[in-house]
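The values are calculated or read from the model by the stated rules, or taken from the named source; none is laboratory data. Everything numeric here is computed off the predicted structure, so don't read it as measured data. Note: areas computed on protein heavy atoms with side chains; ligands, DNA, RNA excluded. Shrake-Rupley method; radii C 1.70, N 1.55, O 1.52, S 1.80 Å.
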Amino acid sequence: MTAAGHDRGVGKGVDQPSTADAPADSPYSGNQNGGRGSAITDSASKDHPVGTESKLTRRLGVAALVAMAATLFFGLIVSGPEVYQRDAARLFYVHLPSVAVAYSGFTITLIGSVLYLMKKSIFWDLVAGAAAEIGVIFTAFVLITGMLWGKPTWGVYWQWSPRLTSTAVMFVMYIGYLAVRNLELPAEVRSQRAAVLGVINIANVFVVHFSIQWWRGLHQGQTLGVDTQLDGMMLFSLFLGMVAFMTTGAWLLVHRFRLGWLQHQQSKMLLETAIAERNAEAKTATAYGQGA
(Lines give C-alpha, C1' and ligand atoms only; values in the text may rest on other atoms or scores of the structure.)
Protein backbone atom coordinates (compact mmCIF):
# COMPACT_ATOMS: atom_id res chain seq x y z
CA MET A 1 0.00 0.00 0.00
CA THR A 2 1.33 3.38 -0.93
CA ALA A 3 0.69 5.99 1.73
CA ALA A 4 -1.36 8.87 0.44
CA GLY A 5 0.13 12.32 0.75
CA HIS A 6 -2.84 14.43 1.76
CA ASP A 7 -2.49 17.81 3.40
CA ARG A 8 -5.16 16.79 5.86
CA GLY A 9 -4.03 15.49 9.21
CA VAL A 10 -5.09 13.36 12.12
CA GLY A 11 -5.57 15.65 15.07
CA LYS A 12 -2.86 17.90 16.44
CA GLY A 13 0.79 17.76 15.53
CA VAL A 14 0.37 16.58 11.93
CA ASP A 15 1.62 19.66 10.09
CA GLN A 16 5.27 19.54 11.07
CA PRO A 17 7.72 22.36 10.36
CA SER A 18 10.12 22.10 7.46
CA THR A 19 13.65 20.89 8.16
CA ALA A 20 14.96 23.96 6.36
CA ASP A 21 13.28 26.27 8.88
CA ALA A 22 14.05 24.24 12.02
CA PRO A 23 16.77 25.20 14.51
CA ALA A 24 19.86 23.01 14.62
CA ASP A 25 18.80 21.42 17.91
CA SER A 26 15.17 20.93 16.85
CA PRO A 27 13.78 17.39 16.71
CA TYR A 28 12.96 18.10 13.06
CA SER A 29 16.45 19.21 12.04
CA GLY A 30 17.89 15.70 11.65
CA ASN A 31 20.94 16.69 13.74
CA GLN A 32 20.09 14.83 16.91
CA ASN A 33 21.83 11.65 18.04
CA GLY A 34 25.07 12.68 16.44
CA GLY A 35 23.51 13.47 13.09
CA ARG A 36 21.89 10.07 12.76
CA GLY A 37 18.29 11.33 12.70
CA SER A 38 16.07 10.04 9.91
CA ALA A 39 13.27 11.72 8.02
CA ILE A 40 10.80 9.20 9.44
CA THR A 41 11.63 9.52 13.11
CA ASP A 42 12.25 13.25 12.90
CA SER A 43 8.84 13.86 11.35
CA ALA A 44 6.93 12.31 14.24
CA SER A 45 5.80 14.12 17.33
CA LYS A 46 4.75 12.88 20.73
CA ASP A 47 1.18 12.66 19.38
CA HIS A 48 2.11 10.25 16.60
CA PRO A 49 4.14 7.03 16.16
CA VAL A 50 7.91 7.16 15.82
CA GLY A 51 8.07 3.45 14.91
CA THR A 52 5.82 0.49 14.25
CA GLU A 53 6.29 -1.00 17.73
CA SER A 54 4.25 0.06 20.74
CA LYS A 55 2.98 -1.35 24.03
CA LEU A 56 -0.17 -2.44 22.23
CA THR A 57 1.70 -4.33 19.50
CA ARG A 58 3.96 -6.03 22.04
CA ARG A 59 0.96 -7.25 24.02
CA LEU A 60 -0.86 -8.34 20.89
CA GLY A 61 2.24 -10.15 19.68
CA VAL A 62 2.65 -12.09 22.92
CA ALA A 63 -1.05 -12.95 23.00
CA ALA A 64 -0.94 -14.12 19.38
CA LEU A 65 2.08 -16.37 20.01
CA VAL A 66 0.49 -17.94 23.10
CA ALA A 67 -2.84 -18.50 21.34
CA MET A 68 -1.13 -19.92 18.24
CA ALA A 69 0.91 -22.35 20.33
CA ALA A 70 -2.26 -23.44 22.17
CA THR A 71 -4.06 -23.93 18.84
CA LEU A 72 -1.29 -26.16 17.52
CA PHE A 73 -1.21 -28.19 20.74
CA PHE A 74 -4.94 -28.78 20.97
CA GLY A 75 -5.50 -29.03 17.22
CA LEU A 76 -2.70 -31.48 16.46
CA ILE A 77 -2.34 -33.45 19.70
CA VAL A 78 -5.33 -33.23 22.02
CA SER A 79 -8.17 -33.10 19.49
CA GLY A 80 -8.84 -36.40 17.74
CA PRO A 81 -9.25 -36.98 13.98
CA GLU A 82 -12.57 -36.30 12.30
CA VAL A 83 -14.75 -39.35 11.62
CA TYR A 84 -14.79 -39.14 7.81
CA GLN A 85 -11.94 -36.83 6.81
CA ARG A 86 -9.56 -38.04 9.51
CA ASP A 87 -6.44 -35.89 10.01
CA ALA A 88 -7.06 -33.80 6.89
CA ALA A 89 -9.84 -32.06 8.80
CA ARG A 90 -7.28 -30.51 11.17
CA LEU A 91 -6.69 -27.85 8.52
CA PHE A 92 -10.09 -26.60 9.59
CA TYR A 93 -8.52 -25.06 12.71
CA VAL A 94 -6.55 -22.60 10.57
CA HIS A 95 -8.76 -22.42 7.47
CA LEU A 96 -11.90 -21.01 9.09
CA PRO A 97 -10.00 -18.52 11.31
CA SER A 98 -8.25 -17.25 8.17
CA VAL A 99 -11.66 -16.65 6.61
CA ALA A 100 -12.71 -14.68 9.71
CA VAL A 101 -9.63 -12.44 9.55
CA ALA A 102 -10.09 -11.84 5.81
CA TYR A 103 -13.75 -10.89 6.29
CA SER A 104 -12.81 -8.61 9.19
CA GLY A 105 -10.07 -6.92 7.17
CA PHE A 106 -12.37 -6.20 4.25
CA THR A 107 -15.10 -4.95 6.59
CA ILE A 108 -12.64 -2.50 8.15
CA THR A 109 -11.67 -1.44 4.62
CA LEU A 110 -15.34 -0.69 3.95
CA ILE A 111 -15.66 1.35 7.16
CA GLY A 112 -12.42 3.23 6.51
CA SER A 113 -13.41 3.94 2.90
CA VAL A 114 -16.83 5.30 3.85
CA LEU A 115 -15.37 7.51 6.58
CA TYR A 116 -12.64 8.74 4.23
CA LEU A 117 -15.25 9.74 1.65
CA MET A 118 -17.15 11.57 4.39
CA LYS A 119 -14.25 13.24 6.22
CA LYS A 120 -11.32 13.19 3.76
CA SER A 121 -9.11 12.12 6.66
CA ILE A 122 -5.73 10.51 5.98
CA PHE A 123 -6.26 8.42 9.13
CA TRP A 124 -9.18 6.51 7.61
CA ASP A 125 -7.46 6.22 4.25
CA LEU A 126 -4.48 4.53 5.90
CA VAL A 127 -6.73 2.30 8.02
CA ALA A 128 -8.62 1.14 4.93
CA GLY A 129 -5.44 0.39 3.01
CA ALA A 130 -3.78 -1.45 5.89
CA ALA A 131 -6.87 -3.58 6.52
CA ALA A 132 -7.13 -4.48 2.82
CA GLU A 133 -3.53 -5.73 2.82
CA ILE A 134 -4.23 -7.92 5.85
CA GLY A 135 -7.40 -9.22 4.20
CA VAL A 136 -5.55 -10.10 0.99
CA ILE A 137 -2.82 -11.97 2.91
CA PHE A 138 -5.32 -14.08 4.79
CA THR A 139 -7.46 -14.67 1.70
CA ALA A 140 -4.37 -16.14 0.04
CA PHE A 141 -3.96 -18.36 3.11
CA VAL A 142 -7.62 -19.38 2.80
CA LEU A 143 -7.08 -20.42 -0.81
CA ILE A 144 -3.89 -22.34 -0.03
CA THR A 145 -5.29 -24.23 2.97
CA GLY A 146 -8.51 -24.87 1.05
CA MET A 147 -6.61 -26.51 -1.80
CA LEU A 148 -4.53 -28.61 0.62
CA TRP A 149 -7.74 -29.70 2.32
CA GLY A 150 -9.53 -30.32 -0.98
CA LYS A 151 -6.99 -32.80 -2.36
CA PRO A 152 -7.61 -35.61 0.20
CA THR A 153 -11.31 -34.73 0.50
CA TRP A 154 -12.37 -34.20 -3.12
CA GLY A 155 -9.44 -35.83 -4.91
CA VAL A 156 -8.41 -32.56 -6.61
CA TYR A 157 -6.79 -29.36 -5.42
CA TRP A 158 -9.24 -27.08 -7.19
CA GLN A 159 -12.80 -27.12 -8.47
CA TRP A 160 -14.59 -24.15 -10.02
CA SER A 161 -17.37 -24.45 -7.48
CA PRO A 162 -19.29 -21.33 -6.41
CA ARG A 163 -17.45 -20.91 -3.09
CA LEU A 164 -13.97 -21.38 -4.52
CA THR A 165 -14.61 -19.27 -7.60
CA SER A 166 -16.14 -16.37 -5.67
CA THR A 167 -13.26 -16.47 -3.17
CA ALA A 168 -10.72 -16.29 -6.00
CA VAL A 169 -12.66 -13.35 -7.50
CA MET A 170 -12.65 -11.62 -4.09
CA PHE A 171 -8.88 -12.08 -3.88
CA VAL A 172 -8.37 -10.54 -7.33
CA MET A 173 -10.76 -7.66 -6.61
CA TYR A 174 -8.83 -6.60 -3.51
CA ILE A 175 -5.53 -7.01 -5.33
CA GLY A 176 -7.03 -4.50 -7.77
CA TYR A 177 -7.93 -2.23 -4.84
CA LEU A 178 -4.32 -2.25 -3.69
CA ALA A 179 -3.17 -1.60 -7.26
CA VAL A 180 -5.36 1.52 -7.39
CA ARG A 181 -3.68 2.74 -4.21
CA ASN A 182 -0.35 2.60 -6.08
CA LEU A 183 -1.42 4.48 -9.20
CA GLU A 184 0.62 7.53 -10.22
CA LEU A 185 -2.12 10.02 -9.46
CA PRO A 186 -2.53 13.02 -7.15
CA ALA A 187 -2.79 11.63 -3.63
CA GLU A 188 -6.34 12.80 -2.96
CA VAL A 189 -7.61 11.50 -6.31
CA ARG A 190 -5.92 8.15 -5.75
CA SER A 191 -7.33 7.77 -2.25
CA GLN A 192 -10.82 8.76 -3.35
CA ARG A 193 -10.85 6.21 -6.16
CA ALA A 194 -9.56 3.52 -3.81
CA ALA A 195 -12.25 4.40 -1.26
CA VAL A 196 -15.00 4.03 -3.87
CA LEU A 197 -13.57 0.65 -4.84
CA GLY A 198 -13.36 -0.34 -1.17
CA VAL A 199 -17.10 0.27 -0.87
CA ILE A 200 -17.96 -1.59 -4.09
CA ASN A 201 -15.81 -4.64 -3.34
CA ILE A 202 -17.67 -5.52 -0.14
CA ALA A 203 -20.55 -6.83 -2.27
CA ASN A 204 -18.44 -9.81 -3.34
CA VAL A 205 -17.65 -10.63 0.30
CA PHE A 206 -21.35 -11.26 0.80
CA VAL A 207 -21.41 -13.38 -2.37
CA VAL A 208 -18.57 -15.52 -0.99
CA HIS A 209 -20.26 -15.96 2.38
CA PHE A 210 -23.68 -16.93 1.03
CA SER A 211 -22.50 -18.84 -2.05
CA ILE A 212 -22.93 -22.24 -0.37
CA GLN A 213 -26.56 -21.36 0.33
CA TRP A 214 -27.35 -19.85 -3.07
CA TRP A 215 -25.69 -22.48 -5.29
CA ARG A 216 -24.84 -26.16 -5.08
CA GLY A 217 -21.18 -27.18 -5.12
CA LEU A 218 -18.56 -29.45 -3.61
CA HIS A 219 -17.90 -27.18 -0.67
CA GLN A 220 -19.47 -28.30 2.59
CA GLY A 221 -22.28 -26.31 4.14
CA GLN A 222 -22.14 -24.02 7.14
CA THR A 223 -19.93 -25.53 9.84
CA LEU A 224 -20.88 -23.39 12.79
CA GLY A 225 -24.50 -22.99 13.74
CA VAL A 226 -27.24 -24.29 15.97
CA ASP A 227 -26.83 -27.84 14.67
CA THR A 228 -23.02 -27.93 14.54
CA GLN A 229 -21.53 -31.42 14.42
CA LEU A 230 -18.26 -30.48 16.11
CA ASP A 231 -17.54 -32.22 19.41
CA GLY A 232 -16.35 -30.34 22.48
CA MET A 233 -12.58 -30.60 21.92
CA MET A 234 -12.81 -29.81 18.20
CA LEU A 235 -14.96 -26.78 18.95
CA PHE A 236 -12.52 -25.63 21.63
CA SER A 237 -9.57 -26.03 19.24
CA LEU A 238 -11.43 -23.99 16.65
CA PHE A 239 -12.12 -21.30 19.25
CA LEU A 240 -8.40 -21.12 20.05
CA GLY A 241 -7.65 -20.83 16.34
CA MET A 242 -10.08 -17.95 16.04
CA VAL A 243 -8.45 -16.14 18.95
CA ALA A 244 -4.95 -16.77 17.59
CA PHE A 245 -5.66 -15.62 14.06
CA MET A 246 -7.79 -12.62 15.01
CA THR A 247 -5.09 -11.46 17.42
CA THR A 248 -2.43 -11.96 14.75
CA GLY A 249 -4.53 -9.99 12.29
CA ALA A 250 -4.93 -7.15 14.78
CA TRP A 251 -1.17 -7.15 15.43
CA LEU A 252 -0.42 -6.93 11.71
CA LEU A 253 -3.04 -4.23 11.20
CA VAL A 254 -1.61 -1.94 13.89
CA HIS A 255 1.93 -2.40 12.57
CA ARG A 256 0.88 -1.74 8.96
CA PHE A 257 -1.10 1.35 9.90
CA ARG A 258 1.81 2.81 11.88
CA LEU A 259 4.17 2.12 8.99
CA GLY A 260 1.77 3.84 6.60
CA TRP A 261 1.54 6.85 8.89
CA LEU A 262 5.33 7.14 9.06
CA GLN A 263 5.56 6.88 5.27
CA HIS A 264 2.98 9.65 4.98
CA GLN A 265 4.95 11.86 7.38
CA GLN A 266 8.21 11.16 5.55
CA SER A 267 6.67 12.02 2.19
CA LYS A 268 5.27 15.23 3.68
CA MET A 269 8.65 16.18 5.15
CA LEU A 270 10.40 15.58 1.81
CA LEU A 271 7.85 17.76 0.03
CA GLU A 272 8.22 20.56 2.59
CA THR A 273 12.01 20.35 2.33
CA ALA A 274 11.89 20.52 -1.48
CA ILE A 275 9.58 23.55 -1.35
CA ALA A 276 11.85 25.29 1.17
CA GLU A 277 14.90 24.62 -1.03
CA ARG A 278 13.14 26.03 -4.11
CA ASN A 279 12.10 29.12 -2.12
CA ALA A 280 15.68 29.59 -0.89
CA GLU A 281 17.00 29.29 -4.45
CA ALA A 282 14.47 31.86 -5.65
CA LYS A 283 15.44 34.29 -2.89
CA THR A 284 19.14 33.82 -3.69
CA ALA A 285 18.53 34.41 -7.39
CA THR A 286 16.47 37.54 -6.63
CA ALA A 287 19.14 38.92 -4.28
CA TYR A 288 21.86 38.23 -6.87
CA GLY A 289 19.86 39.99 -9.59
CA GLN A 290 19.27 43.03 -7.39
CA GLY A 291 22.95 43.18 -6.46
CA ALA A 292 23.97 43.03 -10.11
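Among rounded, prolate and oblate, which fits region 51-208 when a ≥ b ≥ c are the square roots of the eigenvalues of its C-alpha gyration tensor, a/c under 1.5 means rounded, and a/b larger than b/c means prolate? Working shown, then result.
Numbers: a/c = 3.12, a/b = 1.54, b/c = 2.03.
Judged from the Cα gyration tensor, region 51-208 comes out oblate (a/c at least 1.5, b/c at or above a/b).
Counting only protein heavy atoms and using a 1.4 Å probe, the accessible area of Leu72 comes to about 100 Å².
Once the Cα gyration tensor of region 90-149 is found, what semi-axes does its equivalent ellipsoid get, as square roots of 5 times the eigenvalues, in whole Å, sorted largest first?
Details: eigenvalues 165, 14, 8 Å².
Each semi-axis is the square root of five times an eigenvalue, giving 29, 8, 6 Å.
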